[in-house]
Every structure is written in C-alpha cells, then in structure tokens.
1. Is there any pair linking a residue in the stretch 48-62 that is surrounded by 16 or more Cβ atoms within 10 Å (Cβ to Cβ) to one that is part of a loop (DSSP other than H, G, I, E, B), with Cβ under 6 Å and at least six apart or on different chains, and which?
2. So, in the stretch 118-168, how many residues would count as being hydrophobic (A, V, I, L, M, F, W, C), touching a Ser or Thr at 6+ places or on another chain (Cβ under 9 Å) and closer than 20 Å to Leu44 by Cβ?
3. For the stretch 190-211, indicate whether the set of residues that are more than 30 Å from Gly137 (Cβ to Cβ), in contact with a Gly (Cβ under 8 Å, 6 or more places away or on another chain) and acidic (Asp, Glu) is non-empty.
4. How many residues does the stretch 123-177 hold that are aromatic (Phe, Trp, Tyr) and out of contact with any helix residue (DSSP H, G or I) (no Cβ under 8 Å at 6 or more places or on another chain)?
5. Which of the following residues is out of contact with any strand residue (DSSP E or B) (no Cβ under 8 Å at 6 or more places or on another chain) and either assigned to a helix (DSSP H, G or I) or without any contact (Cβ under 8 Å) to a residue 12 or more places away in the chain (or both): Ala231, Ala190?
6. Would you check if there is a residue in the stretch 234-245 being of a type in the set (D, E, K, R) and crowded, with 21+ Cβ neighbours inside 10 Å?
7. Out of all the residues in the stretch 119-127, is one or more more than 12 Å from the chain's Cα centre (by Cα), assigned to a loop (DSSP other than H, G, I, E, B) and within 21 Å of Thr153 (Cβ to Cβ)?
8. Being modelled with pLDDT under 50, in a helix (DSSP H, G or I) and either closer than 26 Å to His76 by Cα or not hydroxyl-bearing (Ser, Thr, Tyr) (or both) narrows it down to one of Lys297, Lys266, so name that one.
Amino acid sequence: MLEEGKVEQTHKARRRTSCWIRKKHVRVGLAETLSTFVMMVFGLGSVAQVVTGGGVFGDYLSINLGFGLGVAMGVHAGGKVSGAHMNAAVTFTMCVFGRLSWKMLPLYVVAQFLGSFIAAGTIYTLYYDSIYHYCGGNFTVFGPKATAGIFATYPAPYLSIQTGFLDQVLGTAMLLLCLMALADKKNQPAPTGGEPFAIGALVLLIGVSMGSNSGYAINPTRDFGARVFTAIAGWGVEVFRAGNNWWWVPLVAPLVGGVTGALIYKAFVELLHPKNKDKTPEPSGPSERIPLDQCKKDNTDECVNC
C-alpha cells in the first residue's frame, strides 16, 4: 500500500510538472531562450573562428553566413511556440503595433537576454584555449589582438556616435520593414515552409551591405547579453567604456529603427491594400509563423489539461 501511494504521488508530481511546463508563459519563455541561444551559438562561433584563426578558418562573409543561417535555425527551434523573435527590437515593434500584448514584452526580453548570455558563455568555454593562445591571455577590447568583438559589437575607429546611431536605426528599419513584407499575406509573403530561410537571407543581406561600420547588432538583447558576459568573464568594464561609451547605441537605436521600418511599410503598403470583405483566402495548410505574424494579442494556446 505504501509503495502504491508513493508511485501515485510520483505520477501526480510528474503530471503537475508537465502541466506547468505547458503553461503559455513558460513555453514561450523557454522557446524564445532556446531560439536565441541557437542563433547566438552559430553566430558567435563563426566570429570566434575568424578572429582566432587569423583568417585561416573564414572571413567576413563567414560571419554573415553564420549569423544568417543561425537565425534560420533559431526560427526552426521555436518559431511555432514563441515566434522566435530573438530580438528585442522585433518584440518591441510588435507591441507598438498591437500584434503582441505589452505584458509579454518583459518575458521576451529576459528570455532573449538569457539565450544570448548563455550562448556567449558556451562559445567562451569552447574557444577559451584558442582565444587565450591568440591574445596571450591579454583580453582587450581594442588593438591588434582584441577579442571582445567576438561577443559584442563595437564601432570602427572612424565611426562617430551620431553616424553609428544612424547605422543601427537604418539596419533595424530595413530588418523590420522586410519582416513586415515577408509576413504580409496580401502582398508577396515568404512561401509556406520557407520563412526561416527567407529571414536568414534577410539578416545575411543586412550584414553584407551594412555591417562594416559597427558589426550590425540591430538587436539590443543579442548585444547586451553577450556584452555583460564579457564584462564578467575578464574583459571588465572597458566593454562599456569603449568606443566613446558605445554600449547604449545598440540598445536604443534598434528600437527606434524597428518602429520606423515597420511604420514605413505600413504607411506605404499595408494600409493601402484594397478592402476585400467578401472573400477571405483559405489557408493552404499548416505553416510556421514568422516573427511579425506570431502571438497576436497574446493568443498562444493554453494547455487543455491544466
């Protein structure tokens, strides 16, 4: 009898745990953390190989490919659960345009920060020997053997804060403008099942066209999470002082750029779609939803067993 009681209690505890994990906020938070982690591991790993390998294991294009394909894999990892924003600028823009409830914003931001922070720690651990060998144990932010740029973005020596701010605004504006287009079913959306590739190609395109000035962070949580890790891991507070206190630009400018880009698309295209109340297109089958078409007004399904 005692054994049966223990077994029954164990089963109940497992059911409660499973039910808790299925709760909307927990599922979304975990999926968003994992998506961001996947994107960042591939992206930061590609930078680490290029920097510590001295160009032997890749070049600037390799970094762009790493982040572009990393974004695509991140969308696959959590796209149907959280939308795989992986970017606070995307989440903030969705809230501004009413496509996501404001109460979900802190959850997404924390999840993205954690995914970025953990990914930075993972790449640091994986490449620690290589980084140490490359810089001789002298972890610096600027200079011929600087390694902080493996994890967070820093401006080129010639770049002013004003131009750098514009750089981040424009890059993020193009990101959100194109994401709105890819999600617009009345225009020319990404083909069903091809959304991850399309989004990854978009990030790659931004990198190869607008990445040289400051590493195209276009993502507050991607940059800040990794920057905080480097401050703890040995690079110190110089990661915040460097580049004339550059650290705040990748935090603020992408938020401005994201709303600007989405607003431009809405004003020039979306609001001008002809009204068609008589006929609504039938869905062509299950498809993975992409960032700006996900979680409208916090409508993620609840666990029916909870």
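The values are calculated or read from the model by the stated rules, or taken from the named source; none is laboratory data. Keep in mind the model is a prediction, meaning the values are calculated, not measured. All Cβ positions, glycine included, derive from the backbone under ideal geometry; neighbour counts span all protein chains shown.
1. Note: pairs meeting the criteria are Ala48/Tyr127; Gln49/Phe57; Gln49/Gly58; Val50/Gly58.
2. Summing the residues that are hydrophobic (A, V, I, L, M, F, W, C), touching a Ser or Thr at 6+ places or on another chain (Cβ under 9 Å) and closer than 20 Å to Leu44 by Cβ in the stretch 118-168 gives 13.
3. yes
4. The number of residues fulfilling the criteria is 3.
5. Ala231
6. First, the residues of the stretch 234-245 that are of a type in the set (D, E, K, R): 238, 241.
Applying the additional criterion that residues be crowded, with 21+ Cβ neighbours inside 10 Å yields none.
So far as the stretch 234-245 goes, no, none of its residues is of a type in the set (D, E, K, R) and crowded, with 21+ Cβ neighbours inside 10 Å.
7. yes
8. The conditions single out Lys297.
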